[in-house]
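Since the structure comes first, as structure tokens, the remarks are kept for the end.
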Amino acid sequence: MSFEKIKKRIVGVNVVVITPFKKDKSIDEEGLRQNLRFMMDNGLVEGKGVFIVGGSTGELFTLKVEERKRLIEIAVDEINGKAPVLFGCNHSGTDIVIELAKHAQDVGADGVMITPPYYWTSPDDETIFNHYKLIGEKIDLGIMVYNNPFIVNKDISVELMKRMVENIPNIVAIKECSNNLIKFERMVREISGKISFINGNGEFIEPYAYMMGSVGYISGLANCMPKETVELHEACSKGDYEKGKQFHLRVAPYMDFLISLPPGNAITALKETMNMLGMPAGPVRPPLTPLTDEQRKILRKILINMGLLKK
């Protein structure tokens, strides 16, 4: 598939898929397949959504390389062309990213999502540029640049992003997580059209990112609310921002709860949400920790108020 074609396919709800674990914390492969089917059955398909497996929400930082490879094998097999599939290949070692990306290409993924190297306190522009350039030269897959200044301690500038887009043909999308809305808007304005611009802050800033010109957004909630998140995308794509705002207000208490937790434990909360809803999720792996009893009570009340759980 050409890079131009994959650019056009990366739209809508970009769901960051959780990695379900069994009680012994091994990967629940059937549970993963069940979750993927649930999302597709509820509207997350070509033209409306994208699946991103093995990313931060998928607890990549706790997974062995072979486990990460297994996730993309399962996803490509289960989704079977019904929607684009991207593989989270984040790592500070460029060669390890290339190994993961090559595996994704071999098994039929549509692209890869990659952060800048994040071991150093703040990598300079040349380090970031060369990281992506070397990867692009070794694979024939589209690359979603994952700009997450909170992990990398470096916010990819508009100028650097434009340089990468102009010189690395594999780059087809950006997951933009900057919370500086002035910079965010400028990035949309100057990059949109050249690549797919995806709001990496998710429901926190929707429908406003669509109003700025994004073509999709990252969602963890889509794991358990695929129908509603697709409806948000469809409404905002048609300019019905009021409907998007109503969804924002509905989920705002949930999003506020996530940011009240220690870093990383938003993943714990999402998995606990799915457990409460009877979906395959299971525990988290260390260093993430379970929610406290009090946090579970707060979460349950929020889900009841959102209409996802009965009293």
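Scanning the stretch 205-219 for residues that are of a type in the set (A, V, I, L, M, F, W, C) and without any contact (Cβ under 8 Å) to a residue 40 or more places away in the chain, which turns out nearest to H248 (Cα to Cα)? Looking at the filtered set, the residue picked out is I205. Of the candidates E272, E234, the single residue that is without any contact (Cβ under 8 Å) to a residue 60 or more places away in the chain and assigned to a helix (DSSP H, G or I) is E272. Within the stretch 46-78, the residues that satisfy the criterion of being under 18 Å from E231 (Cα atoms) and surrounded by fewer than 18 Cβ atoms within 10 Å (Cβ to Cβ) are E46, G47.
In the stretch 225-235, the residue that is farthest from the chain's Cα centre (by Cα) out of those that are over 13 Å from I198 (Cβ atoms) and crowded, with 24+ Cβ neighbours inside 10 Å is L232.
Residues checked against (1) open to solvent by 30 Å² or more (accessible area, probe 1.4 Å); (2) not in a helix (DSSP H, G or I):
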| site | (1), (2) |
| --- | --- |
| S196 | no, yes |
| A209 | no, no |
| G239 | yes, yes |
| F247 | no, no |
| P253 | yes, no |
| P290 | yes, yes |
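Of the residues making up the stretch 209-248, those that are basic (K, R) and either touching an Asp or Glu at 6+ places or on another chain (Cβ under 7 Å) or closer than 22 Å to L308 by Cβ (or both) are K227, K243, K245.
Quick one: is D106 under 28 Å from K48 (Cβ atoms), at pLDDT 95 or above, more than 19 Å from the chain's Cα centre (by Cα) and open to solvent by 20 Å² or more (accessible area, probe 1.4 Å)? When the stated conditions are applied, D106 passes them. Of the residues I143, I79, which is β-branched (V, I, T), under 18 Å from the mean Cα position of the chain (by Cα) and within 18 Å of P20 (Cα to Cα)? On inspection, the qualifying residue turns out to be I79. In the stretch 276-292, the residues that are modelled with pLDDT of 95 or more form Cβ pairs under 9 Å with partners that are surrounded by fewer than 13 Cβ atoms within 10 Å (Cβ to Cβ), at six or more places apart or across chains, as follows: P280/E30; G282/K23; P283/K23; T289/P262. For I151, the conditions (1) within 22 Å of N14 (Cα to Cα); (2) open to solvent by less than 30 Å² (accessible area, probe 1.4 Å) all hold with the exception of (2).
Among the residues examined, I52 qualifies as among the β-branched types (V, I, T), at pLDDT 95 or above and not in a helix (DSSP H, G or I).
The values are calculated or read from the model by the stated rules, or taken from the named source; none is laboratory data. Every value quoted in this text rests on a predicted model; they were computed, and no experiment measured them. We place every Cβ from the backbone using ideal geometry, glycine too, and count neighbours over all the protein chains shown. Quick note on the areas: whole protein, heavy atoms, side chains included, nothing else; ligands and nucleic acids left out. Shrake-Rupley method; radii C 1.70, N 1.55, O 1.52, S 1.80 Å.
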